[in-house]
1. At 7 Å along Cα-to-Cβ for each site, give me the label-to-label distance between Gln208 and Glu78 in nm.
2. Normalised by the residues of the chain, what does the relative contact order come to in percent, with Cα pairs under 8 Å and at least six apart?
3. Using the Karplus curve 6.51 cos²θ - 1.76 cosθ + 1.60 with θ = phi - 60°, work out ³J(HN,Hα) for each residue of the stretch 128-140 in order, rounded to whole Hz, and write x for Gly and Pro.
4. Just to compare against my own numbers: the Cα pair-distance distribution for the chain, 5 Å bins, whole % per bin, please.
5. In the stretch 111-175, if the dipole is taken from +1 on Lys/Arg beta carbons and -1 on Asp/Glu beta carbons about the Cα centre, which of Phe126, Val145, Val173 is farthest to the positive end?
6. Looking at the chain as a GNM with Cα springs under 10 Å, which of Phe105, Phe185, Phe213 has the largest mean-square fluctuation?
7. Using θ = phi - 60° and the Karplus relation 6.51 cos²θ - 1.76 cosθ + 1.60, list the HN-Hα couplings for the stretch 230-243 in order, rounded to whole Hz, with x at every Gly or Pro.
8. When the chain is treated as a GNM, springs tying every alpha-carbon pair under 10 Å, which of Ser80, Ser159, Ser226 comes out with the largest mean-square fluctuation?
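No value in this document is a laboratory result; all are computed from the given coordinates. As the structure is a computational prediction, the values presented were derived from the model and not from experiment. Positions of Cβ are backbone-derived with ideal geometry, glycine not excepted, and every protein chain shown enters the neighbour counts.
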Amino acid sequence: MNLVAPDSMSDPLVGSAARLAVAEPIVEILSAEKVFANGFRGLAPIDLAVGRGEFVSLIGPSGCGKSTLLKLIANLIEPSDGKILWWRGAFDDVGKDGRQLAFVFQEPTLMPWARVARNVRLPLDFLRVPRAEAEQRVQTALAQVDLLPAARSYPRQLSGGMKMRVSIARAMVTEPDLLLMDEPFGALDEFTRNRLDEDLVRLSWERQLTTVFVTHSIYEAVFLSSRIVVMAANPGRVFTEFTVDEPFPRDENFRDSERFASLCRDLSSVLTEASFASRKVSA
Ligand SMILES: Nc1ncnc2c1ncn2[C@@H]1O[C@H](COP(=O)(O)OP(=O)(O)OP(=O)(O)O)[C@@H](O)[C@H]1O
Ligand SMILES: [Mg+2]
């Protein structure tokens with residue numbers, strides 16, 4: 001693990017330069033900050049770039065602005081100052097060939113009246129993909145998450161983990177280049193979460209996806225990420241970041257390794273520092 005010193009200990013320009021030095025940036029957050037309508041400063045200026053094929057996790061205490069940052073990247077909200085670039089340009093070009101963006105929320109948000117296959121097809125209907133091609137892509141996406149047998153089921157007939165897999169299939173069916181996920185497995189038991197993490201690591205490797213993933217789980221962050229951005233609160237900011245130098249694809253052997261345990265210990269102690277810094281600044 002390659003640790004960049006916490007912001008409290010380093011020259012902020014050095015930290016900022018490190019966070020922007022990626023090859024082939026897909027997303028560049030350039031001094032973007034967020035002050036909400038009620039005057040609350042959710043995010044202090046953030047500098048962060050995510051390069052092609054990276055799996056970047058955002059982790060930090062509750063309220064540090066992880067979801068806010070992800071929503072900025074998804075263009076669901078706008079920065080109050082600074083700017084964000086996608087594929088080195090404005091958001092207008094997102095959605096064109098090679099620039100597809102998909103978002104997976106914490107809740108699967110499925111249409112209860114529609115079967116699994118129809119739920120997964122929804123984004124293709126919005127994109128006006130011809131029916132036959134759409135059906136084919138739905139089959140492929142369902143197969144990727146082992147859900148072909150459930151294609152004709154309704155959401156109420158599925159377990160929580162299966163619903164989440166439908167939600168992932170619905171994101172994957174658009175063949176995204178940039179995948180944004182906000183605690184997608186937070187409500188699941190650890191066994192199911194590990195299983196889905198393994199699916200995700202395989203899919204993102206096979207598709208060479210660029211992923212930004214919000215989590216509260218140290219184990220999940222270490223298992224999935226090529227880089228972990230640790231945030232602190234009051235105001236929300238990047239505290240430090242890690243590079244996880246472990247080859248992909250990863251499997252349960254990595255999770256069982258001493259190296260994995262040691263990376264988790266390192267991340268845990270940095271998170272304790274980030275929580276402390278969050279309290280200190282607000283006091
Ligand atoms: N629309 C809004 N108006 C005012 N404040 C907001 C708004 N949205 C979020 N906030 C505040 O901004 C801060 C960051 O919120 P955010 O949801 O990004 O945190 P988070 O890191 O995702 O937390 P959690 O881990 O609990 O999901 C919080 O203090 C929250 O109350
Ligand atoms: Mg959140």
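1. 3.5 nm
2. Values: 529 pairs, mean separation 74.7, N = 283.
Worked out over the chain, it gives 26 percent.
3. Residue by residue, the stretch 128-140 yields 6, 6, x, 3, 5, 5, 4, 4, 4, 5, 4, 4, 4 Hz.
4. 1, 6, 12, 16, 18, 17, 13, 9, 5, 2, 1, 0
5. Going by the charge dipole, the pick is Phe126.
6. The residue with the greatest mean-square fluctuation here is Phe105.
7. 3J(HN,Hα) across the stretch 230-243, in whole Hz: 9, 10, 10, 9, 6, x, x, 7, 7, 8, 6, 8, 10, 9.
8. Result for the chain, Cα springs under 10 Å: Ser159 fluctuates most.
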